[in-house]
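To start, the structure under review is shown below, and the notes come after it.
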Amino acid sequence: MWDAAGSEIHELGFHLRPKYWGQGLAVEAARAVIAFSFETIGAKSLSAGHHPKNEASKKVLEKLGFRYTHDEFFAALGMDIPYYLLTGPGGTLREYGAGTGFAGERGAGGQRRDGH
Ligand SMILES: CC(C)(COP(=O)(O)OP(=O)(O)OC[C@H]1O[C@@H](n2cnc3c(N)ncnc32)[C@H](O)[C@@H]1OP(=O)(O)O)[C@@H](O)C(=O)NCCC(=O)NCCS
């Protein structure tokens, strides 16, 4: 996916086996991936989404500094999911273009719900 300035937006996701939950591993691992994204491959921003009822995932994203941007329809789940963005040193939230979430990228009919 791409932002309005033409920079690629990489997506962050995480999935741990249950026996590893609750030890802070998702935040720790994600921080390493975020540092790699911004410092090594020069990403401007990262996106992420979560199931609306997944409080743990929401908490992880908020702890990492992601900011909610919009809800986007995710056809695989048949529902809107909240979408977030984390901007690196070279990116701004203003550059985030419409329809850049993974639902849209996968041709799954992703649509922003905030009129943008
Ligand atoms: C979501 C997931 C990655 C979280 O990983 P984790 O290593 O257990 O998360 P952490 O231990 O870093 O906990 C993150 C925060 O969420 C909180 N949290 C954990 N479960 C929670 C719950 N059910 N409700 C609310 N908060 C919760 C923790 O207390 C912690 O906050 P704190 O540090 O302020 O106490 C993990 O549960 C997972 O892999 N789940 C299955 C796959 C999945 O849902 N992936 C995300 C797809 S959107």
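Which lysines does K53 reach when only Cα atoms under 22 Å apart count, and residues fewer than 8 places away in its own chain are ignored?
Within the straight-line limit of under 22 Å, K53 reaches these lysines: K19, K63.
Once fully extended, how much extra length lies between E39 and H10, figured as 0.36 nm per residue of separation less the alpha-carbon to alpha-carbon distance? Could you put the intermediate results ahead of the total?
Working: separation 29, 0.36 × 29 = 10.44 nm, distance 1.36 nm.
Gain on extension, E39 to H10, equals 9.1 nm.
Values quoted throughout were computed directly from the atomic coordinates according to the rules given, and no laboratory measurement underlies them. Fair warning: this is a prediction, and the values are worked out from it, not measured in the lab.
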